[in-house]
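One structure below.
Each value in this text was obtained by applying a stated rule to the coordinates, not by laboratory testing. From a predicted model like this one, the values you see are computed outputs, not experimental measurements. Please note: Cβ atoms are built from the backbone with ideal geometry, for glycine as well, and neighbour counts cover all protein chains shown.
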Amino acid sequence: MKNVSLLCLITLAAGLTGCSVGLDYHRPAALPGQPVPEKFNESVSGSTNLGIWKIAEPAAHRPRGEWWRSFGDAELNRIETLALTNNQNLAATAARLEQAHALVTEARANYFPQLTAGGTPNGDIDRQRTSFNSPVQGRASGVSHTYDTFTAPLYLGWEVDLWGRVRRQAEAAHERFIASADDLESARLAVAAEVAIDYFALRTLGNEYALVTNTIEAYRRSLELTQNRRRGGVASDLDVAQAATQLHGAEAQLPDIKLNRTQIRHALAVLCGEAPGSFVMLTGASMAEIVPEVPPSLPSELLEHRPDIAAAERRMAAANADIGVAKAAFFPTMRINGLAGFQSVDASTWFDWPSRFWSVGPAMQLPLFTGGLNRSRLRVTRAVYDETVATYRQTVLTAFGEVEDGLVAQQLLAEKWNAENAIVIATRRTLEIASNRYKSGLVTYLDVATAQANALLHERTLVQLQGTRLTASINLVKALGGGWQISDVVPSTADK
């Protein structure tokens, strides 16, 4: 009858394990008090057409693709592959992901009974002496006893998850594992973007170096021409001095460009996991002429696969599960404990069948007074959850700001590039006219020097602006969480 009662108690306890205290997780609104706009429609004037609204549903699992291939640069493709394979920050983040995965397995282990062999408090083989004053074997018999004990035990312990504490712990560990996976994707995206930015910065400096070098050669020829004209009595010493000043001023620009190129090349080497001294890039490659255009009517759901948003959302879910764990501490804890094995005072009969022993039964613990410990822990978990909600919403707001800034920058930089290109054409024509007039003796060399300075200034500005456009394009891709498919672009209402 007792065995039947014990079996019924264990069965009842197992049936109650479907209960879980704490609220099941429901994703809060991404933007407090308002849904998320369906499209990015920030105009240059600053007005916004928010269009239809929708609920944000982070989905970092969506494919991002090798977005850098849209720039059409084979050397960039090679370096991106190298960095994503060898970058040590990515290796460290991947190791943290493995740690999170192991913690999930650890948390789920509590679902199952724990079975341990051996390890008694006094050892498996123990020599004991009873007290002479023992009420059982001491004074009652007038003697003390010394004897050996040989024990081979098996311990069984299982927590009956009455209130869902174990399930909530496993849930929290699982959500943090997913967040760690999203962190790895965030790190990959950041490394890929930084590699592309540094790569195009290096190519921009290479084009500047070539431009200044060619300009120096042109200035050198102008100085020779001016010196010849001075010897012929046509030009003055002032003309020669101005031509020399132009030449040396251009030569002084080269060391700064070289230094910047060296520093950026070293930064690329570190990103690729290589020693700066051994890092080699393909020489002769020029700046990419392709600046991928991002349609201004991209759906805002692209932000849903931004890995930092997804990671923040998963950490909210983990924090919500932690609240359930803290609430479970207010309720009784039930464990099913078991002990079985062989025990004897004689080694020769240690494993004989009559030496067997066993015990099994439930153990209940009920927190009666903890000095406010459980309440404090519950307050902490709720405050942590509120923090993760605020962090998630701030991440979403930041993402929208970055995308809107990127869309405006894309448009305005394209307009500026077109205007600067027209200025370069005009300065080249001005320099040509000034040079011809100087050769004809109609103007002094000051007019030529002024035209040369303007031409070099605006040509360098045009080269730098191309690099800035490429960087802005990369930052916009990063803000969108990676690449996108053509099917992601939904025509706006104005286009229909």
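In terms of modelled amide H atoms, which long-range or inter-chain residues lie less than 5 Å from the amide H of residue 160?
Hits under the 5 Å cutoff: 334, 335, 336.
Using the beta-carbon distance between residue 429 and residue 270 and R0 = 35 Å, what value does 1/(1 + (r/R0)^6) give for FRET efficiency, to the nearest 0.05?
According to the calculation, E is roughly 0.20.
Could you list 473, 70, 440, 186 so that the one with the fewest beta carbons within 10 Å of its beta carbon is first and the one with the most is last?
440, 70, 186, 473
For the range 172-223, what is the largest minus smallest coordinate of the Cα atoms on each principal axis, given in angstrom and ordered from greatest to least?
The principal-axis extents, from largest down, are 74, 8, 5 Å.
Give me, ordered by chain and number, the residues 5 or more places off residue 273 or on other chains with an amide H under 5 Å from its own placed amide H.
Counting only residues 5 or more places away or on other chains, the set is 88.
Provide the gained length on full extension for the span residue 217 to residue 114, in nm with one decimal, where the gain is 0.36 nm per separating residue minus the Cα-Cα distance.
Going from the current span to full extension adds 28.9 nm.
How far is it, in nm, from the label point at residue 105 to the one at residue 260 when both lie 7 Å from their Cα along the line to the Cβ?
Using points 7 Å along Cα→Cβ, the separation is 5.1 nm.
Measuring from a point 7 Å past the Cα of residue 230 along Cα-to-C-beta, which residues in the range 404-440 have an amide N at less than 18 Å?
438-439
Provide the FRET efficiency to the nearest 0.05 for the residue 386-residue 27 pair, computing r from the beta carbons and using R0 = 22 Å.
So, using R0 = 22 Å, E works out to roughly 0.90.
Output needed: percent of Cα pairs per 5 Å distance bin for the range 327-403, bins running from 0 to the one holding the longest distance.
3, 11, 10, 9, 8, 8, 8, 7, 8, 7, 6, 4, 3, 3, 2, 1
Please name whichever of 338, 392, 450 sits farthest to the positive end of the charge dipole of the range 320-475, dipole taken about the Cα centre and charges placed at Cβ: Lys and Arg +1, Asp and Glu -1.
Result: 392.
Only counting other Cβ atoms within 10 Å, I'd like 101, 305 sorted with the fewest neighbours first.
Taking fewest neighbouring Cβ atoms as first place, the list is 101, 305.
Could you work out how far apart the two model spin labels at residue 437 and residue 146 are, taking each label as a point 7 Å from the Cα in the direction of the beta carbon, and quote it in nm?
Taking the simple label geometry, residue 437 and residue 146 are separated by 12.1 nm.
Sort 256, 198 so the one with the fewest other Cβ atoms within 10 Å of its own Cβ comes first.
Ordered from fewest to most neighbouring Cβ atoms within 10 Å, 256, 198 come out as 256, 198.
In Å, what is the Rg of the alpha-carbon atoms in the range 166-280, and how long is Dmax?
Cα radius of gyration and Dmax of the range 166-280 are 26.6, 98 Å respectively.
Set the Förster distance to 56 Å, then compute FRET efficiency between residue 446 and residue 374 from the Cβ-Cβ distance, nearest 0.05.
Between residue 446 and residue 374 the formula returns 0.05.
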